[in-house]
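Got a structure here, written out as structure tokens. Questions coming.
The values are calculated or read from the model by the stated rules, or taken from the named source; none is laboratory data. Please read these numbers as outputs of a predicted model, since none were measured by experiment. Reconstructed Cβ throughout: ideal geometry from the backbone, glycine too, with neighbour counts over all protein chains shown.
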């Protein structure tokens, strides 16, 4: 009955039955491959959003598809009442890739669940209640994760539903953090690069300073690598750029290649505070999701996807920086790491460019109001990146006042 629906039917059914929590673009995609998507009419789009950093290996990567098909014919779910072969296999694959000291893993279904569990683990491990988070941060939409999110717009109207959990400090300001530290602080939670906040990269040495402060005060360091992990910034995990290892780390998004899965990694000492009954997940680490994640990790390692992301990201940022110098009235700043890039635009131009790019069948995302956020599949080709650049250059040429084009 609902096979091969046209766009009008999709929108009608959505309007009738789906809660209106999203501002959607006027398109529905039915097929994808690599960095390309096709809509209900067969039109082709270049995907520079990557499912919000989920599709690190692109859409329908053959290795992930094969793993899913095989596992779907064997076993989908049993629950964590029993040992799960694929879960143990995934943990064994993931553990050697983690930052130094992280040995134990808990599997869940999403990034916000991973953050919830990480905060819970920190409180249990330290016996303390206080959390320090960063202004402009984003850690998820469930209660504790949202309470640790430093953007008031996401907490608006929720009042007493959210715990009074975190105090907030300016991101990148070690002195401000030092002033907040004390004997009641269980953990500091940070994104190594702020994503939803506008692709904000901290100053050099900042994470090292945070690590030192946490050690001085007996607090744990939680790094939220939900968006920055899995090769996105040119390393398997972003904290590797600074050489800092956290006590607890969260991951999700690209780990499953499009299948929902999240994870918490911790040192053995900290992880010991999770004992039978203290935490759990019905679906977490089920055979299907773990099979997908195993295929993702195998592919990322064998093809050195992180190194490719670093190379392509550096080349694109160089071109974007040169474009910024030519059109300073349009582009204010280019920032990011690897293929996590933010293009800061003047005024409302980021939203205008998003609309113009969509008209050219190129998908981009806007974060923090004026930042074009690029999170393309890490397997995107240089030719495809050139297509994006051409669309942006054309926008700059049309938008910039002639006297301000250098």
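For the stretch 224-263, what are the residues that are closer than 26 Å to residue 86 by Cα and without any contact (Cβ under 8 Å) to a residue 40 or more places away in the chain?
Across the stretch 224-263, the qualifying residues are 225, 229.
Return yes or no: is residue 319 modelled with pLDDT of 95 or more and either surrounded by 15 or more Cβ atoms within 10 Å (Cβ to Cβ) or under 19 Å from residue 54 (Cβ atoms) (or both)?
Working: modelled with pLDDT of 95 or more: yes; either surrounded by 15 or more Cβ atoms within 10 Å (Cβ to Cβ) or under 19 Å from residue 54 (Cβ atoms) (or both): yes.
So residue 319 fits the description; yes.
Going by the structure shown, is residue 378 crowded, with 23+ Cβ neighbours inside 10 Å, touching a helix residue (DSSP H, G or I) at 6+ places or on another chain (Cβ under 6 Å) and in a loop (DSSP other than H, G, I, E, B)? Show your work before the answer.
Values: crowded, with 23+ Cβ neighbours inside 10 Å: yes; touching a helix residue (DSSP H, G or I) at 6+ places or on another chain (Cβ under 6 Å): yes; in a loop (DSSP other than H, G, I, E, B): yes.
Judged against the criteria, residue 378 is a match.
I've got another one for you. Quick check: is even one residue across the stretch 23-33 under 19 Å from the mean Cα position of the chain (by Cα), under 28 Å from residue 251 (Cβ atoms) and not assigned by TED's automatic domain parsing to the domain that holds residue 138?
Initial filter on the stretch 23-33 (under 19 Å from the mean Cα position of the chain (by Cα)): none.
No, because not a single residue in the stretch 23-33 is under 19 Å from the mean Cα position of the chain (by Cα), under 28 Å from residue 251 (Cβ atoms) and not assigned by TED's automatic domain parsing to the domain that holds residue 138.
When you go through (1) over 26 Å from residue 52 (Cβ atoms); (2) crowded, with 24+ Cβ neighbours inside 10 Å one by one for residue 214, which number turns out not to apply?
(2)
Listed residues 157, 231; which is at pLDDT 95 or above, part of a loop (DSSP other than H, G, I, E, B) and not assigned by TED's automatic domain parsing to the domain that holds residue 339?
Numbers: 157 fails: at pLDDT 95 or above.
After ruling out the rest, the residue left standing is 231.
Need the failing condition index for residue 277 against (1) outside the structural domain of residue 385 (by TED's automatic domain parsing); (2) in contact (Cβ under 8 Å) with a residue 24 or more places away in the chain, just the number.
Just one mismatch for residue 277, condition (2).
Also: (1) within 22 Å of residue 226 (Cα to Cα); (2) out of contact with any strand residue (DSSP E or B) (no Cβ under 8 Å at 6 or more places or on another chain): which one isn't true of residue 107, the others all being true?
Result: residue 107 fails condition (2) only.
Does the stretch 34-68 hold any residues that are in a loop (DSSP other than H, G, I, E, B) and either surrounded by 12 or more Cβ atoms within 10 Å (Cβ to Cβ) or under 19 Å from the mean Cα position of the chain (by Cα) (or both), and which are they? I'd like the intermediate steps shown before the answer.
Filtering the stretch 34-68 for residues in a loop (DSSP other than H, G, I, E, B) gives 35, 40-43, 48-49, 54-58, 60-61.
Hits for the stretch 34-68 are 35, 40, 48, 49, 54, 55, 56, 57, 58, 60, 61.
Another question, then. Quick check on the stretch 218-228. Is at least one of its residues surrounded by fewer than 24 Cβ atoms within 10 Å (Cβ to Cβ), touching a helix residue (DSSP H, G or I) at 6+ places or on another chain (Cβ under 8 Å), under 16 Å from residue 189 (Cα atoms) and not assigned by TED's automatic domain parsing to the domain that holds residue 335?
Taking the stretch 218-228 and keeping what is surrounded by fewer than 24 Cβ atoms within 10 Å (Cβ to Cβ), we get 218, 221.
Next cut, touching a helix residue (DSSP H, G or I) at 6+ places or on another chain (Cβ under 8 Å) only: 218, 221.
Next cut, under 16 Å from residue 189 (Cα atoms) only: 218, 221.
Next, only the ones that are not assigned by TED's automatic domain parsing to the domain that holds residue 335 stay: 218, 221.
Yes: the stretch 218-228 contains one or more residues that are surrounded by fewer than 24 Cβ atoms within 10 Å (Cβ to Cβ), touching a helix residue (DSSP H, G or I) at 6+ places or on another chain (Cβ under 8 Å), under 16 Å from residue 189 (Cα atoms) and not assigned by TED's automatic domain parsing to the domain that holds residue 335.
So, in the stretch 117-154, exactly how many residues are over 21 Å from the mean Cα position of the chain (by Cα) and in a loop (DSSP other than H, G, I, E, B)?
Result for the stretch 117-154: 3.
In contact with a helix residue (DSSP H, G or I) (Cβ under 6 Å, 6 or more places away or on another chain) and in contact (Cβ under 8 Å) with a residue 12 or more places away in the chain: does that describe residue 312? Walk me through it before giving the result.
Details: in contact with a helix residue (DSSP H, G or I) (Cβ under 6 Å, 6 or more places away or on another chain): no; in contact (Cβ under 8 Å) with a residue 12 or more places away in the chain: yes.
No, not satisfied.
Follow-up. Give all pairs with beta carbons closer than 9 Å in which a residue from the stretch 323-335 that is without any contact (Cβ under 8 Å) to a residue 40 or more places away in the chain meets a residue that is crowded, with 18+ Cβ neighbours inside 10 Å and assigned to a loop (DSSP other than H, G, I, E, B); count only pairs at least 6 apart in sequence or on separate chains.
As it stands, the answer is 324/330; 332/370, since those pairs meet every condition given.
Could you say whether any residue in the stretch 312-331 is part of a helix (DSSP H, G or I), out of contact with any strand residue (DSSP E or B) (no Cβ under 8 Å at 6 or more places or on another chain) and closer than 30 Å to residue 66 by Cβ?
If we filter the stretch 312-331 for residues that are part of a helix (DSSP H, G or I), which is where we start, we get 312-326.
Subsequent filtering for residues that are out of contact with any strand residue (DSSP E or B) (no Cβ under 8 Å at 6 or more places or on another chain) retains 312, 314-315, 318-319, 322, 325-326.
After this cut, where a residue has to be closer than 30 Å to residue 66 by Cβ as well, the list is 312.
Checked against the condition, which is being part of a helix (DSSP H, G or I), out of contact with any strand residue (DSSP E or B) (no Cβ under 8 Å at 6 or more places or on another chain) and closer than 30 Å to residue 66 by Cβ, the stretch 312-331 yields at least one hit.
OK, next. Specify the residue that is surrounded by the most Cβ atoms within 10 Å (Cβ to Cβ); the eligible residues are those in the stretch 72-103 that are over 26 Å from the mean Cα position of the chain (by Cα) and part of a helix (DSSP H, G or I).
Among them, the one singled out is 85.
Quick one: in the stretch 1-20, which of the residues that are modelled with pLDDT of 95 or more and not in a helix (DSSP H, G or I) is nearest to residue 358 (Cα to Cα)?
By that ranking, first place goes to 20.
Return the residues of the stretch 234-266 that are assigned to a loop (DSSP other than H, G, I, E, B), crowded, with 24+ Cβ neighbours inside 10 Å and more than 17 Å from the chain's Cα centre (by Cα); say none if nothing qualifies.
246, 247
Being within 13 Å of residue 49 (Cα to Cα) and in contact with a strand residue (DSSP E or B) (Cβ under 9 Å, 6 or more places away or on another chain) is true for just one of 362, 344, 391. Which residue is that? Please lay out each step first, then the result.
Values: 344 fails: within 13 Å of residue 49 (Cα to Cα); 391 fails: within 13 Å of residue 49 (Cα to Cα).
The match here is 362.
Mind counting the residues in the stretch 160-175 that are part of a loop (DSSP other than H, G, I, E, B) and either surrounded by fewer than 13 Cβ atoms within 10 Å (Cβ to Cβ) or out of contact with any strand residue (DSSP E or B) (no Cβ under 8 Å at 6 or more places or on another chain) (or both)? Show your work before the answer.
Of the stretch 160-175, the ones part of a loop (DSSP other than H, G, I, E, B) are 162-165, 170-173.
Narrowing the set further to residues that are either surrounded by fewer than 13 Cβ atoms within 10 Å (Cβ to Cβ) or out of contact with any strand residue (DSSP E or B) (no Cβ under 8 Å at 6 or more places or on another chain) (or both) leaves 162-164, 173.
Number satisfying all stated conditions: 4.
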